[in-house]
Every structure is written in C-alpha cells, then in structure tokens.
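Following: one structure in structure tokens, then a few remarks.
Every number in this text was worked out from the coordinates using simple rules, so none of it is lab data. Because the structure is predicted, anything quoted here is derived from the model rather than measured. So basically every Cβ, Gly included, is an ideal-geometry build from the backbone, and we count neighbours across all protein chains shown.
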Amino acid sequence: MTGAQGRDVEAAAGAALELVGDGITLGLGTGRAAAIFIAMLGARTRQGLVVSAVATSSDSASLAVAAGIPLIDLSESLELDLTVDGADEVAPNLDLVKGWGGALVRERIVAAASRRQVIIVGQEKLVTHLGEKGRIPVEVIPLARPLALRRLRALGLTPAVRAAPDGAGPYQTENGNLVLDCAPSEPLANPGLARALDREMRMIPGVVDTGLFLGTAERVLVGYADGRVETRLRSSLVDG
C-alpha cells in the first residue's frame with residue numbers, strides 16, 4: 001500500500017494509538033486498517049508499552065504475534081477496554097457496514113466484549129447512506145444457503161455467494177460458514193431502514209450475523225492524506 005491511500009489510514013491509526021494506555025486490554029480488528037494499527041501497536045510494545053489483546057481472525061493473530069503483542073482469550077470475567085477496527089462504509093450517524101474481510105462475526109463478538117469500539121478509516125469509506133457501495137455481507141451456515149438466498153431476494157436484495165480468493169468454490173469463514181454479499185436495490189435512505197433490514201435478515205433461519213454494525217462505534221477516526229485526522233463522535237463531530 002502506497003501513496004495517499006496509505007497515509008490517510010496511517011494517520012487514523014496513529015490517532016487510535018493515542019487512546020491506548022499502559023496495561024489495557026484491547027480487541028484487534030481485521031483488514032487493511034487494522035493491520036496498520038497492529039503494526040504501530042507492536043512498535044509501541046517493543047518500546048515498553050504493556051498491553052494484551054484479543055484478535056478477531058487468524059490473520060490478525062499472526063500479525064500481532066509477529067509484532068510482539070501478547071494475545072489472550074476472552075473469558076466470562078474479561079471486559080476489553082477498547083477495540084480498534086476498520087469499516088467498509090461509515091454513515092454520518094456512525095452506523096457501519098463491515099465484513100468485506102470475512103471476519104464480521106468475530107469482530108461483532110469482540111466489539112460487544114469491549115467498553116469502546118473505535119473505527120479507523122480513510123475518507124473513501126464515508127458514505128451518505130449505507131449500501132452505497134452495494135455490498136452488505138451476511139454470514140450463513142452452509143445448510144441454510146438455498147433458504148437464505150430465497151429469503152434475501154424476497155427482501156429486495158441481490159445476494160451472491162462470495163467466492164474463495166482462488167476461485168475454487170465458495171469462500172469459507174473461520175467459523176466454517178458462507179458469506180452472502182447482498183446488494184440493496186438502492187442505498188438505505190435512513191437509519192430506520194437499516195435497522196429494519198438488519199432485523200429481517202437476522203430472522204432468516206441459518207443467518208449467523210450481518211455486516212450492519214448499527215450503533216456500535218463510539219467514534220470514527222477519519223484520516224486524510226495530509227496527516228489530518230477528523231474525530232467523529234456518535235453525538236457530535238470534532239475536528240482533530
């Protein structure tokens with residue numbers, strides 16, 4: 001990753017790193033932005049910062065181990081202080097589309113186990129309405145594939161079974177499930193429509209989770225190529 005696209009996310013990841021205090025527990029997201037944050041966090045741990053983390057995928061776990069970040073497991077008594085993750089779409093009210101990297105279920109679990117979810121993105125991830133990029137992931141157990149496809153189409157979506165990177169069959173999540181990428185007929189014009197669609201999709205037998213992360217982010221850090229970072233809080237917008 002080079003050029004402006006890399007610099008904007010690096011700026012956002014650097015701002016997220018400022019939220020990490022000594023001795024905290026944190027969740028590590030999955031994807032390009034999360035990978036940049038993990039590398040920066042690893043550099044800080046090698047300088048003496050003490051943290052422990054839960055990874056949301058084997059890819060993130062491998063990056064964390066290579067960076068020297070101690071990994072722990074979730075337990076009943078553990079509430080993470082902070083999760084840092086990326087997003088595929090960010091609406092003005094901080095509702096999100098996530099899951100293009102395939103780790104949406106684990107990202108949901110880790111975010112729910114955290115006091116705070118902080119999202120880092122470049123400005124290209126900002127949208128006016130969710131669904132503008134035409135791809136809302138839905139994780140489904142394999143047996144439910146035919147039923148889920150039929151029910152999703154009945155909701156006005158155009159679902160497609162995500163293919164494996166090598167093209168040899170369908171993509172399989174680390175949970176052993178399929179991902180159906182669902183294109184809405186038009187972007188979701190308001191938060192109410194997003195919530196209604198999320199409820200309807202979750203009612204389909206065999207649907208494990210959706211990529212609609214609604215009301216989960218405490219803040220979104222938007223990086224720009226010039227190094228500027230805009231902090232968007234759920235209740236207000238603050239320029240940083």
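Counting only Cβ charges, +1 for Lys and Arg and -1 for Asp and Glu, the dipole size of the stretch 136-208 around its Cα centre is about 300 debye.
Taking the Cα centre of the stretch 52-101 as origin and assigning +1 to Lys and Arg Cβ atoms and -1 to Asp and Glu Cβ atoms, the resulting dipole is close to 160 debye.
Ordering 225, 25, 170 by Cα displacement along the dipole of the chain toward the positive end leaves 170 in first place; charges were set at the Cβ atoms of Lys, Arg (+1) and Asp, Glu (-1). Once the Cα atoms are used to define both axes, helix 145-154 deviates from the longest principal axis of the chain by about 80 degrees. The charge dipole of the chain, taken about its Cα centre with unit charges on the Cβ atoms of Lys, Arg (+1), Asp and Glu (-1) only, comes to about 480 debye. Within 10 Å of each candidate Cβ there may be at most 14 other Cβ atoms; applying that plus a DSSP loop requirement, which GluC sites (Glu not before Pro) in the stretch 152-240 survive? Loop-located and lightly packed - 174. Once both axes come from the Cα atoms, what is the angle between helix 191-202 and the longest principal axis of the chain, in degrees from 0 to 90, rounded to 10? So the inclination is approximately 70 degrees.
Rounded to the nearest 10 degrees, the inclination of helix 3-17 to the longest alpha-carbon principal axis of the chain is 70 degrees.
Largest GNM mean-square fluctuation among 140, 179, 90, using the chain with Cα springs under 10 Å: 140.
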